[in-house]
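Here's the structure we're looking at; comments come further down.
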Amino acid sequence: METMQYWETYLNDRRAGAAAGTALVWRIWRSNRRTKWGPIIEKVAESIEQDLVVLDEIRARPVHREETSRGRLLCSPNGPAD
């Protein structure tokens, strides 16, 4: 499997987990919003939602490929390191 496929698989799996986690934590929050745990659970939900935004931004960036001196392929969503 090519390096890019590993990267794309990782990002897709991570996003799927964050999406499922977001749905679950909001459901937990709805059941507990009037308890002392409500504000804490809400912060967790918001944090996971932010993770989704960041993952989507990373997935939208063009990936730059660079051969190393050892012949390994490096893939970076931020472009080649100078």
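The values are calculated or read from the model by the stated rules, or taken from the named source; none is laboratory data. As the structure is a computational prediction, the values presented were derived from the model and not from experiment. Using ideal geometry, Cβ is built from the backbone for each residue, glycine included, and neighbour counts are taken over all protein chains shown.
Annotations
- Taking first residues from segment 3-29 that are over 17 Å from V54 (Cβ atoms) and partners that are at pLDDT 90 or above, the Cβ contacts under 6 Å between residues at least 6 apart in sequence or on separate chains come to W26/A45; I28/I41; W29/I41; W29/E42; W29/A45.
- Qualifying positions in segment 34-47 - more than 27 Å from I58 (Cβ to Cβ) and surrounded by 13 or more Cβ atoms within 10 Å (Cβ to Cβ): W37, G38
- Search result, residues across segment 1-27 that are loosely packed, with under 15 Cβ neighbours inside 10 Å and more than 24 Å from R61 (Cβ to Cβ): A23, L24, R27
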